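The values are calculated or read from the model by the stated rules, or taken from the named source; none is laboratory data. Fair warning: this is a prediction, and the values are worked out from it, not measured in the lab. So basically every Cβ, Gly included, is an ideal-geometry build from the backbone, and we count neighbours across all protein chains shown. Protein only, heavy atoms only, side chains kept; ligands, DNA and RNA dropped before computing areas. Shrake-Rupley method; radii C 1.70, N 1.55, O 1.52, S 1.80 Å.
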Amino acid sequence: MTDTAQTPLWEVFIRPRNGLAHRHCGSLHAADATMALQAARDVYTRREEGQSIWVIPSSEIVASDPNDKETFFDPAGDKIYRHPTFYDIPDDVGHM
Amino acid sequence: MYSQGLNGQNLDVNETPEFLAAFQARIDADEKIEPNDPMPAAYRKTLIRQIGQHAHSEIVGMLPEANWITRAPTLRRKTALLAKVQDEGGHGLYLYSAAETLGVSREAMTEELLSGKAKYSSIFNYPTLSWADMGAIGWLVDGAAIMNQVPLCRCSYGPYARAMIRVCKEESFHQRQGYELMISLCNGTAAQKAMAQDSLNRWWWPSLMMFGPSDSDSQHSDQSTAWKIKRFTNDELRQKFVDATVKQADHLGLSIPDPDLVWNETKNDGQGGYDFGDIDWDEFWKVVKGHGPMNKDRIAARKQAWEEGAWVREAALAYAEKQKQQTAQQVTA
Ligand SMILES: [Fe+2]
Ligand SMILES: [Fe+2]
């Protein structure tokens, strides 16, 4: 095994076709951005699965802390008045 | 397939009975487990072992077929074989990145493969002696792999399940190109058909061994089933494979090398299925323990590829570092 630093990890996002958002599809190792893009093309779009690729160093992604999942997301849990079904509209008004 | 880069978590969890029960309840409710979720150490370890072995199998699995790329008889067959071998490399990469989400590094997995510590599928330790083997491998080996992999698309660990969905989408072409190759040999000269039969004779039993030891001897099955990493037992999958494949061999006009193969209408809850002969488990364990015909060559080939690629990896990293420094200088200048 060589003593070189680990080859950096990149996250790959692909837009399958125009009209759709880029979507996370996996990760790969590459020394720099150019190689990461080329590797992403070879690994994730061998069958025309993409029109556009984003790669981003995994270390640059800021993620919510899984240990804070409850405190972070729970405040939305009891706000049922944010949903349309919270409000009573008589049936004879029709679809709203 | 989230990366280890997103894993800031402390891998240790206090495995109280309450924690284990809550984890099992999530699994039982068909919830997916994602990389950052707390999980029992044994769940993590089982997945690292299984996904790692699976990734190694894809990578080592490129070797027996790569052996024939330059000798493919037509351009059509050559492009198909190249594309298939390239896919297997891709499968290895999807799987390595799924394993990495559990906190194991690519370097550590590579090291385990090269040192012989990690296992890979026993099937790839058999030699590819004739062109017909390219047909038999696609048909039988990829066919068996599909049987194994389809249920893994519903595995409880999210990144593994997502990797398997990609893999399964790509596998179908592998099996079809192999079977088509067998058809053309079987429609060819007597010598070509004999080559196809010889290939089936050599690959049949090793293909059945791909499903792993019999349920009565399998060490990992029960807990993996409870964790929904495994959805069917080795013997169930093996039976499905035999039942699906016999008809395909009949269609080719080839005979399966098993005198005990016989239709049994009471099998599979009365739907019928094939009884088949005993598997040579001594051979299986010999190959698993490193004494198959090609174990040494496979690892030697992987080591050579790794060592001869070292300067490329080093040069790419050095170039990236230099570019970074030049950009930094331009910014400060
Ligand atoms: Fe594969
Ligand atoms: Fe395959």
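Once the piece of chain linking B:Ala22 and B:Lys296 is laid out straight, how much longer is it, given 0.36 nm per residue of separation minus the C-alpha distance between them?
Working: separation 274, 0.36 × 274 = 98.64 nm, distance 4.50 nm.
Gain in length upon complete extension: 94.1 nm.
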Answer with one residue from B:Trp281, B:Pro259, B:Ile299: the one whose Cα lies farthest towards the positive end of the charge dipole of segment B:234-316, charges on Cβ with Lys, Arg +1 and Asp, Glu -1. B:Ile299
Counting other Cβ atoms within 10 Å, which trypsin sites (Lys or Arg not before Pro) in segment A:22-96 have at most 16 and lie in a DSSP loop? A:Arg46, A:Arg47, A:Lys79
Estimate for me the total accessible surface buried between chains A and B (protein heavy atoms, probe 1.4 Å, no ligands or nucleic acids), in Å² to the nearest 100. 2500
Leaving ligands and nucleic acids out of the surface, order B:Asp28, A:Asp92 by accessible area at 1.4 Å, largest first. A:Asp92, B:Asp28
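For segment B:57-212, what percent of Cα pairs sit more than 18 Å apart? Show your work: numbers first, answer last.
Values: 7202 of 12090 pairs.
It works out to 60 percent of all Cα pairs.
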Taking the dipole of segment A:9-93 about the Cα centre (Lys, Arg +1; Asp, Glu -1; charges at Cβ), the one of A:Phe73, A:Cys25, A:Val93 that reaches farthest to the positive side is A:Cys25
Amide proton proximity set for B:Tyr157, modelled H, under 5 Å, gap of 5+: B:Ile33
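Over the protein assembly as shown, what per residue volume does the convex hull of the Cα atoms give, in whole Å³?
Output value, Cα hull per residue: 239 Å³.
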Rank B:Gly61, B:Pro35, B:Leu47 by how far each Cα sits towards the positive end of the charge dipole of segment B:12-76 (+1 on Lys, Arg Cβ; -1 on Asp, Glu Cβ) and give me just the farthest. B:Gly61
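Is it possible to state the helix-based mean residue ellipticity at 222 nm for chain A, with each DSSP H run of 4+ residues giving -39500 (n - 2.57), the sum divided by total residues, to the nearest 500 deg cm²/dmol? What is it?
On the way: 2 runs with 17 residues, N = 96.
Dividing the helical sum by the residues of chain A leaves -5000 deg cm²/dmol.
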Toy charge model, Lys and Arg Cβ at +1, Asp and Glu Cβ at -1: segment A:9-93 dipole around Cα centroid in debye, rounded to 20, equals 580
What does the C-alpha gyration tensor say about the overall shape of chain B? Classify as rounded when a/c is under 1.5, otherwise prolate if a/b is larger than b/c, or oblate. oblate
Rounded, prolate or oblate: which one fits segment B:217-290, using the alpha carbon gyration tensor with axes a ≥ b ≥ c (rounded when a/c is under 1.5, else prolate when a/b beats b/c, else oblate)? oblate
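Can you give the local net charge around A:Gly50? Use residues other than it whose beta-carbon is closer than 11 angstrom to its beta-carbon, Lys and Arg +1, Asp and Glu -1.
Values: positive: A:Arg15, A:Arg17, A:Arg23, A:Arg41, A:Arg46, A:Arg47; negative: A:Glu48, A:Glu49.
That sum, taken over residues with Cβ under 11 Å, equals +4.
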Label-reachable residues, segment B:120-162, where backbone N falls under 17 Å from a point 7 Å from B:Ala305's Cα toward its Cβ: B:120-128
Would segment A:9-93 count as rounded, prolate or oblate if I go by the C-alpha gyration tensor, calling it rounded below 1.5 in a/c and otherwise prolate when a/b exceeds b/c, oblate otherwise? oblate
Degrees, to the nearest 10: A:33-44 long Cα axis against longest axis of chain A: 70
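Pulled fully out, how much extra length does the chain show between B:Leu75 and B:Ala333, if you take 0.36 nm times their separation in residues and subtract their Cα-Cα distance? All intermediate terms of the calculation are to be shown ahead of the outcome.
Numbers: separation 258, 0.36 × 258 = 92.88 nm, distance 5.51 nm.
Fully extending the segment from B:Leu75 to B:Ala333 adds 87.4 nm.
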Going through B:Lys84/B:Lys169; B:Lys228/B:Lys296; B:Lys78/B:Lys119; B:Lys119/B:Lys303; B:Lys84/B:Lys230; B:Lys240/B:Lys296 one by one, the pairs whose alpha carbons sit over 24 Å apart turn out to be B:Lys228/B:Lys296; B:Lys78/B:Lys119; B:Lys84/B:Lys230; B:Lys240/B:Lys296
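What is the calculated FRET efficiency for A:Asn67 to B:Tyr319, with r their C-beta to C-beta distance and R₀ = 35 Å, to the nearest 0.05? Kindly include the intermediate steps, with their values, before the conclusion.
Values: r = 39 Å, r/R0 = 1.10.
According to the calculation, E is roughly 0.35.
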So what is the relative contact order of segment A:9-93, in percent, for Cα pairs below 8 Å that sit 6 or more residues apart? 29
Burial of 20 Å² or greater, segment B:84-129 residues [accessible area, probe 1.4 Å, versus chain by itself]: B:Gln86, B:Asp87, B:Leu93, B:Tyr94, B:Ser97, B:Glu100, B:Arg106, B:Glu107, B:Glu111
FRET E, pair A:His83, B:Arg154, Förster distance 25 Å, beta-carbon r, rounded to 0.05: 0.25
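Quick check for you: with a 1.4 Å probe and neighbouring chains kept, what is the accessible area per residue of the protein assembly as shown, in Å²?
Working: 22880 Å² over 429 residues.
Dividing the accessible area of the protein assembly as shown by its residue count gives 53 Å².
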In whole percent, and with a 1.4 Å probe on the protein chains, what portion of the accessible area of chain B is carbon and sulfur? 55
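Of all accessible surface on segment A:9-93 at a 1.4 Å probe, what whole percent is carbon and sulfur? Intermediate results must be reported in sequence, preceding the final value.
Values: 3230 of 6080 Å².
In segment A:9-93, the share of accessible area belonging to carbon and sulfur is 53 percent.
Calculated FRET efficiency, B:Lys289 and B:Leu82, Cβ-Cβ r, R0 51 Å, to nearest 0.05?
Numbers: r = 33 Å, r/R0 = 0.64.
Calculated value: 0.95.
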